[in-house]
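Please read the structure below before turning to the comments.
The values are calculated or read from the model by the stated rules, or taken from the named source; none is laboratory data. Only a predicted model underlies this, so the values are computations on that prediction, with no experimental measurement involved. Heads up, the Cβs are rebuilt from the backbone with ideal geometry, glycines too, and the neighbour counts pull from every protein chain shown.
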Ligand SMILES: C[S@@+](CC[C@H](N)C(=O)[O-])C[C@H]1O[C@@H](n2cnc3c(N)ncnc32)[C@H](O)[C@@H]1O
């Protein structure tokens, strides 16, 4: 049978409701048909269209059977083991065996105890780059999928289970999963809005200048921080979030919105006059300048300005006699070794489990958990590593994307998720 003929002869229909064990919808074929609920090659329940559907009759006035094409039936108790998930298909099968069948819908379904087991999971003792309660819930049922949360492969396995949960009615409504999904979809949509609408060029600079482009980071780079803020909060870290180096406020717009979602305070530290002098760095003093008014205006229009406290001044001056409150995470995009050295005096305000993100990173500096960065006037990484060594909290980390890397204390830190594993998962969430 050709594909065209198959399409012409196959039943049409739709599943309108798959709630609890009840399945309802409509199906219309070329003659009598049965609607089956199938788990793999097993038919576990079936029904025949017989319920009045005036809407279908209206849409298909010339088709026999359209007026009574509605069906509804129940799945039997215990078809799926209590703590398991399975893939259910709803198939419309003509009674004439030579006519083709059609899959009307497929969905993940859960055993009748699974929601309770996931929703009431206790502390698993497993630490990883995901929200604590999400790890605990998944570990309560699938401990093998939580054994290697440090590697990209282990994270991908964990996220593939989470993806199926997020697509399963009855499980995806549990607060532990729905809250996380809401944060991810809301903040990702917002980052994409900022990426699209934020002014692209620096009116104060010439085309071709280093600071002509006002959107120096990608969504993948900033979203790694957005994700980690949710993770850190879930692990009970107290304290604020700090951004060092905001230029026109592009990353600030994305991150302030995330902070507003989480009820976190965000501090933005910048000279608002651009870079300080740094001989031998290749940069000039005053590059990357955004005035406080300009940044405040951008964060108001593109982010969540009420979550932000601005601190104007060169870091060396700001931190001469003052320290910020406790911090759970910092993001620095400061271009210069000297600027990193000047701001790293605040490192003792970081929670011992805090995460740090920095621009000016390439993938090759992350070598099997070690960070190899050579001192240079345009490299802000060595002062960060040195300061943490001095504090007795040596750092490890991973490459994120673009020029961004993530860092956390080897022994106490909460690791940061792999960008490729997270990206694959985010693509499966509805936008
Ligand atoms: C590359 S830009 C930051 C880009 C920003 N993340 C964005 O998304 O547009 C570098 C910023 O760091 C600031 N900066 C660098 N060194 C500084 C210092 N020592 N004190 C204060 N601000 C500094 C500059 O004023 C500039 O705004």
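Residue check: residue 127 meets all listed conditions (1) in contact (Cβ under 8 Å) with a residue 60 or more places away in the chain; (2) over 20 Å from residue 258 (Cβ atoms); (3) surrounded by fewer than 16 Cβ atoms within 10 Å (Cβ to Cβ) but one, namely (3).
Each row is one residue, and each column tells you yes or no for (1) more than 14 Å from the ligand (Cβ to nearest atom); (2) modelled with pLDDT of 95 or more; (3) surrounded by fewer than 20 Cβ atoms within 10 Å (Cβ to Cβ).
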residue: 326; (1), (2), (3): yes, yes, yes
residue: 332; (1), (2), (3): no, yes, no
residue: 337; (1), (2), (3): no, yes, no
residue: 350; (1), (2), (3): yes, yes, no
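Does residue 153 satisfy the criteria of being part of a helix (DSSP H, G or I), over 30 Å from residue 340 (Cα atoms) and over 12 Å from the mean Cα position of the chain (by Cα)? Considered against the rule, which asks whether it is part of a helix (DSSP H, G or I), over 30 Å from residue 340 (Cα atoms) and over 12 Å from the mean Cα position of the chain (by Cα), residue 153 comes out as yes. Output yes when any residue across the range 299-316 is surrounded by 21 or more Cβ atoms within 10 Å (Cβ to Cβ), more than 31 Å from the chain's Cα centre (by Cα) and under 30 Å from residue 376 (Cα atoms), and no when none is. Checked the range 299-316: at least one residue is surrounded by 21 or more Cβ atoms within 10 Å (Cβ to Cβ), more than 31 Å from the chain's Cα centre (by Cα) and under 30 Å from residue 376 (Cα atoms).
Of the residues making up the range 66-85, those that are surrounded by 15 or more Cβ atoms within 10 Å (Cβ to Cβ) and out of contact with any helix residue (DSSP H, G or I) (no Cβ under 9 Å at 6 or more places or on another chain) are 71, 72, 73, 75, 79. Taking the conditions exactly as written (within 19 Å of residue 332 (Cα to Cα) and either in contact with a strand residue (DSSP E or B) (Cβ under 8 Å, 6 or more places away or on another chain) or modelled with pLDDT under 95 (or both)), does residue 380 satisfy them or not? Answer is yes for this residue. The residues in the range 250-293 that are in a loop (DSSP other than H, G, I, E, B), more than 7 Å from the ligand (Cβ to nearest atom) and buried (at least 24 other Cβ atoms within 10 Å of the Cβ) can be counted, and the count is 0. Kindly check whether there is at least one residue in the range 193-204 that is surrounded by 15 or more Cβ atoms within 10 Å (Cβ to Cβ) and part of a helix (DSSP H, G or I). Yes, the range 193-204 contains a residue that is surrounded by 15 or more Cβ atoms within 10 Å (Cβ to Cβ) and part of a helix (DSSP H, G or I). Is there a residue being in the same structural domain as residue 345 (by TED's automatic domain parsing) and within 7 Å of the ligand (Cβ to nearest atom) anywhere in the range 220-237? Checking the range 220-237: not a single residue is in the same structural domain as residue 345 (by TED's automatic domain parsing) and within 7 Å of the ligand (Cβ to nearest atom). Residues of the range 123-149 that are assigned to a loop (DSSP other than H, G, I, E, B) and over 21 Å from residue 226 (Cβ atoms): 123, 124, 125, 126, 142, 147, 148. Counted as qualifying within the range 64-122 are the strands (runs of 3 or more DSSP E) with 2 or more residues that are under 25 Å from the mean Cα position of the chain (by Cα), namely 85-94, 102-110.
Of the residues making up the range 304-320, those that are farther than 14 Å from residue 344 by Cα and more than 11 Å from the ligand (Cβ to nearest atom) are 304, 305, 306, 307, 308, 309, 310. Within the range 151-178, residues that are without any contact (Cβ under 8 Å) to a residue 12 or more places away in the chain sit with their Cβ atoms under 6 Å from residues that are buried (at least 19 other Cβ atoms within 10 Å of the Cβ), at 6+ positions apart or across chains, in these pairs: 172/166. Would you be able to say whether some residue in the range 358-372 is loosely packed, with under 14 Cβ neighbours inside 10 Å and in contact with a helix residue (DSSP H, G or I) (Cβ under 8 Å, 6 or more places away or on another chain)? The answer is yes; a qualifying residue exists.
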